[in-house]
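The structure under discussion appears below in the form of C-alpha cells.
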Amino acid sequence: WGRDAAQRADQARQRRHWSSHPVTAAEINRLVSGDPQLGWVAHLKRTRFPEPRARGLSLGCGSGAVVVDALQLGIVQQMEGIDISAGAVAIATERAAQAGLARRARLRTANVNELALDGPLDLIVFEQSLHHVDALGPVLDRCHDALAPDGLLVINEYVGPDRFQWSDEAQRLMDAMLRLLPEPLRRDPDSGALKQQMRRVDPQAVIDLDPSEAIHSGDILDACRSRFDEVELRRFGGTLLQFLLADIAANFDPDDERDVALLRLMTLLETELIRCGAIASDFVYAVYRRRRASAPTRS
C-alpha cells in the first residue's frame, strides 16, 4: 500500500504541469501528429525517417528521453546527447544503459553555447532546450553547417515571450477562464491556496532563478527561418494553459468525465484563439532542413 500511495502521489505531482497531464498530453499529441496516442518523436519517425539514418544529436538532452526514443524507434543508428548539467547526463546515461543502448548512445556534459559540432549529422534535436540558449544565432549557424545535406533540425520548443512576459490580452483571457473554473479545481493541492488571478512573474525573478530561462525565446522562430527551410510547423498552444494550469492541473481527474471534458474544452478554446489570430502559440513542433537556394543569413 505504501508503494502504491507513493506511486499515486508521484503521478499526481507529474500531472501538475500542463504538458504532463494525460488529458492535455493527448491533446498536444493530436495537435502535433493528428493522433492522441502518437507523440512527436514517433511522428518524426513516421513522417521523416522511414529508414534509420546514421547519426543524431540531442542538444540540451536533459534526462535523455529523446536519445533513447530516437534509437528505440530506429530514427538513427547512433545518437549523442549533450547537456550542461552533469546530473542530467548521469541520469541519461543510466537511462540508455537500462534500455540496452549503451553502445549506441553517447552522453556527455558541455555548454551548447560554446560547442563545436562534428558533422555530418542526419538529425539535430532541441527539446525544450533551445529557449535556454544565449548564443542563439551562432548555435543555429553551427547546427546548419553540421547537418548532412539532407539532414534535419527538429525543435519541440517554447517560443513565447522572453522571460514569460505574456501579453495583456493573454492576461485578460486567462483571468476570464480562471474565474469560470469551480473553486475546488483552483486550489493548490499542496498548500490549499486558492488561485484567484494570474500574475506575471517579475523578469528579474526569472533571471535570479535561472539566467538562461526563456532568454531569447521570442526570437527562435525568426532565427530558424532566416537560416533554414521550414519543412513542417505544428502549433500546440500552451499560451494560456501552461500558466493557467500551473500547480492546479493535478486537480483534474483523468478518470472523471467532467474533468476530462473541461480540459478538452479549454484546449479547444486555446486552439481556436490561436487559429483565428487572437493569440500566438507559445509552443511549436517544427522541422527544418539546410537552406539549399542560398547560404544562411548570419545574424
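Applying the condition of being part of a helix (DSSP H, G or I) and in contact with a strand residue (DSSP E or B) (Cβ under 8 Å, 6 or more places away or on another chain) to the range 232-289 and asking which residue is nearest to residue 161 (Cα to Cα) yields 242. Of the residues making up the range 143-158, just one is open to solvent by 10 Å² or more (accessible area, probe 1.4 Å), under 25 Å from residue 283 (Cα atoms) and not aliphatic (A, V, I, L, M), namely 156. On inspection, residue 221 fails the criterion of being touching a residue at least 24 places away in the same chain (Cβ under 8 Å), more than 22 Å from the chain's Cα centre (by Cα) and open to solvent by less than 50 Å² (accessible area, probe 1.4 Å). Each residue in the range 38-51 was checked for being under 16 Å from residue 122 (Cβ atoms) and open to solvent by 60 Å² or more (accessible area, probe 1.4 Å), and 3 pass. Within the range 174-190, not a single residue is in contact (Cβ under 8 Å) with a residue 40 or more places away in the chain, under 30 Å from residue 144 (Cα atoms) and not polar (S, T, N, Q).
Screening residue 100 on (1) in a helix (DSSP H, G or I); (2) within 22 Å of residue 51 (Cα to Cα); (3) open to solvent by 20 Å² or more (accessible area, probe 1.4 Å) shows it passes everything except condition (1). In the set (1) under 30 Å from residue 137 (Cβ atoms); (2) surrounded by 20 or more Cβ atoms within 10 Å (Cβ to Cβ), residue 249 fails one condition alone, (1).
Each row is one residue, and each column tells you yes or no for (1) surrounded by fewer than 21 Cβ atoms within 10 Å (Cβ to Cβ); (2) under 24 Å from residue 30 (Cα atoms); (3) within 15 Å of the chain's Cα centre (by Cα).
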position: 68; (1), (2), (3): no, yes, no
position: 74; (1), (2), (3): yes, yes, no
position: 77; (1), (2), (3): yes, no, no
position: 82; (1), (2), (3): no, no, no
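The residues of the range 164-184 that are assigned to a helix (DSSP H, G or I) and buried (at least 17 other Cβ atoms within 10 Å of the Cβ), listed by number, are 164, 170, 173, 174, 177, 178. Restricted to the range 52-66, and to residues there that are in contact with an Asp or Glu (Cβ under 7 Å, 6 or more places away or on another chain) and either among the β-branched types (Val, Ile, Thr) or farther than 17 Å from residue 110 by Cβ (or both), the residue that is least open to solvent (accessible area, probe 1.4 Å) is 66.
The values are calculated or read from the model by the stated rules, or taken from the named source; none is laboratory data. Keep in mind it's a predicted model, so treat the numbers as computed, not measured. In this analysis, Cβ positions are derived from the backbone assuming ideal geometry, glycine residues included, and neighbour counts consider all displayed protein chains. When the accessible area is computed, the model is the full protein with side chains, heavy atoms only, and any ligands, DNA or RNA have been set aside. Shrake-Rupley method; radii C 1.70, N 1.55, O 1.52, S 1.80 Å.
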